[in-house]
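Read through the structure below, which is laid out as structure tokens, and then see the notes.
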Amino acid sequence: MTDHTNDTKKTSGLSRRRFLGGMAAGIGATALGVSGAAPWGYAKAGNGKPETTEAKLGFIALTDAAPLFIALEKGFFAAHGMPDVQVLKQSSWGTVRDNLELGSRRGGIDGSHILTPMPYLLHRRGTPMSILARLNLAGQCISVGNEYADLKVGLETGEFKEALAEKRAGGDEVRAAMTFPGGTHDLWIRYWMAAGGIDPNRDISTIVVPPAQMVANMRVGSMDTFCVCEPWNMQLINQGIGYTANTTGELWHNHPEKALGMRADWVEANPNAARALIMAVMEAQMYCEDPANIEEVAEICSRRRYIHAPYGDIIDRMQGHFDYGTGRVVEDHPDRMRYWNDQASYPFKSHDLWFLTEDIRWGYLPPDLDMQALVDEVNREDIWREAADTLGIDSADIPESASRGKETFFDGKVFDPEDPQAYLDSLEIKALAS
């Protein structure tokens, strides 16, 4: 495994000097109540004031929503002319879907911290969506119940497959839990199982459980394995119920995860406000990435209005300390969650193409889908670039291309965004829609 340890100890990019100076200028003016003070960035770019000062943004109680919490708590939204942004907890990804379909005018929300494939699924359901930024890379985990403690399940699933088959042969159902059909957690756990010869449509029942309910459901035996973000994997270990088989960055190093998704009609009506949101989130992502801020970020995440989980369930993995609950401990984990480093904020179109390909693989989308056209409709990396330019992001942190190129997975499979069909053809276990 490549050693990326040092990557986690430095804040790249934005030249920290520019970031901290700008943060002081923007937040300082807001905090001191300076009348007429221009939010940092807008005076430079001359793009005008946001068309609205408000937006209703949803989130699920997960640590990869931290950039939204920090953008609100540290005044980044206000500093960019949007003091009335609301960050609203949602009970499940199904609730996020429903409230995005409603929109704020009908009591719903304008945008959300969201599983990257969801805006595409919503778009096809008749609610046009835009992806404005990626919120993080990696940081999810696949956990297994203590029923399989002696196996110490990891990336390889040979013994786990045999144990599941034996349990099923004894008349007991075996279940894998994820958080939303066709979402990231669904795709990670399916990829992992299928790579080890476990057919997620035939060998195990795949069920939907909201993130915050995973631990309680594992406690009562509702599933054998699950995939979710933190802090719920660490909480499972701290409560003595199960252990971590792998963190999803081990399946695909620096994989894309959550996005900032907005209703397309809101973005169309409020282009300046859309840029303001992205800039606030970018600053928050850099704040979350800075090692000096991690304890504060974890404390904010733990609050009742956000994740509402013990600080002790959050802090270790946010700092890169991974105790798998099996005796394996990794310090400065190379696959810890990234909020800003490694171009975590930029929404690569090639990554969205992979998610669509996997949703075709498992029958959530039709095989004849024009994926590139759909990505071009939903992915607004152009607005991200405008925001980055306005904010003065160092050019080294702005990708030259909307494609990150070929991606290699833990089982040796390679996804070439220039030829998704070849990747799809290489996968032995799949369930394509007819």
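The values are calculated or read from the model by the stated rules, or taken from the named source; none is laboratory data. None of the values given here were measured: they were computed from a predicted structure. Neighbour counts run over all protein chains shown; Cβ positions are idealised from the backbone, glycine included. Only protein heavy atoms, including side chains, enter the accessible area calculation; ligands, DNA and RNA are left aside. Shrake-Rupley method; radii C 1.70, N 1.55, O 1.52, S 1.80 Å.
A few comments on the model shown:
- Taking Cα centre as origin and charging only the Cβ of basic (Lys, Arg, +1) and acidic (Asp, Glu, -1) residues, the dipole magnitude of the chain rounds to 1260 debye.
- Computed over the chain, relative contact order equals 24 percent, with contacts defined as Cα pairs under 8 Å that lie 6+ residues apart.
- Beta bridge orientation in the chain: antiparallel %, DSSP, nearest 5: 65 percent
- Kirkwood-type radius of the chain, with distances r between different C-alpha atoms, in Å: 21.8 Å
- Ligands, DNA and RNA left out, the 1.4 Å accessible surface of the stretch 62-132 is 42% carbon and sulfur atoms.
- In the stretch 300-371, a dipole from Cβ-located charges (positive for Lys and Arg, negative for Asp and Glu) runs towards its positive end, and of PRO310, TYR346, GLY363 it is PRO310 whose Cα lies farthest in that direction.
- Cα centroid separation - the stretch 119-149 against the stretch 331-395, whole Å: 12 Å
- Dipole magnitude of the stretch 270-414, debye to nearest 20 (Cβ charges: Lys/Arg +1, Asp/Glu -1, about Cα centre): 360 debye
- Positive-end extreme of charge dipole, the stretch 146-257 - chosen from GLY183, GLY158, GLY249 (charges on Cβ): GLY183
- In the stretch 282-378, the GluC sites (Glu not before Pro) that fall in loop regions by DSSP, at most 15 other Cβ within 10 Å: GLU331
- Set of lysines near LYS49 by C-alpha distance (under 27 Å), chain-local residues within fewer than 8 positions excluded: LYS74
- Taking the accessible area of the stretch 193-287, probe 1.4 Å, and keeping the other protein chains in place, the carbon and sulfur fraction comes to 44%.
- Charge tally around ASP84: other residues with Cβ under 13 Å, Lys/Arg +1 each, Asp/Glu -1 each, net -2.
- Legend: residue pairs LYS167/LYS430; LYS89/LYS413; LYS161/LYS413; LYS89/LYS349; LYS152/LYS430; LYS89/LYS406, Cα-Cα distance threshold 30 Å; pairs beyond threshold, LYS89/LYS413; LYS89/LYS406.
- Net charge of neighbours whose Cβ lies under 13 Å from the Cβ of HIS123, counting Lys and Arg as +1 and Asp and Glu as -1: -2
- Over all other residues within a Cβ to Cβ distance under 14 Å of LEU236, the charged ones net out to -4, with Lys and Arg as +1 and Asp and Glu as -1.
- Ordering GLY221, GLY111, PHE415 by Cα displacement along the dipole of the chain toward the positive end leaves GLY111 in first place; charges were set at the Cβ atoms of Lys, Arg (+1) and Asp, Glu (-1).
- Length gained on full extension, LEU427 to TYR311, computed as 0.36 nm times the residue gap minus the Cα-Cα distance: 37.7 nm.
- Calculated [θ] (222 nm, deg cm²/dmol) that DSSP helices of n ≥ 4 give over the chain, each run adding -39,500 (n - 2.57): -11000 deg cm²/dmol
- Within the stretch 343-417: Cβ-based charge dipole about Cα centre, in debye rounded to nearest 20 (Lys, Arg +1; Asp, Glu -1): 220 debye
- Per residue solvent-accessible surface (Å²) - the chain, probe of 1.4 Å: 37 Å²
- The distance separating the Cα centre of the stretch 56-98 from that of the stretch 181-216 comes to 26 Å.
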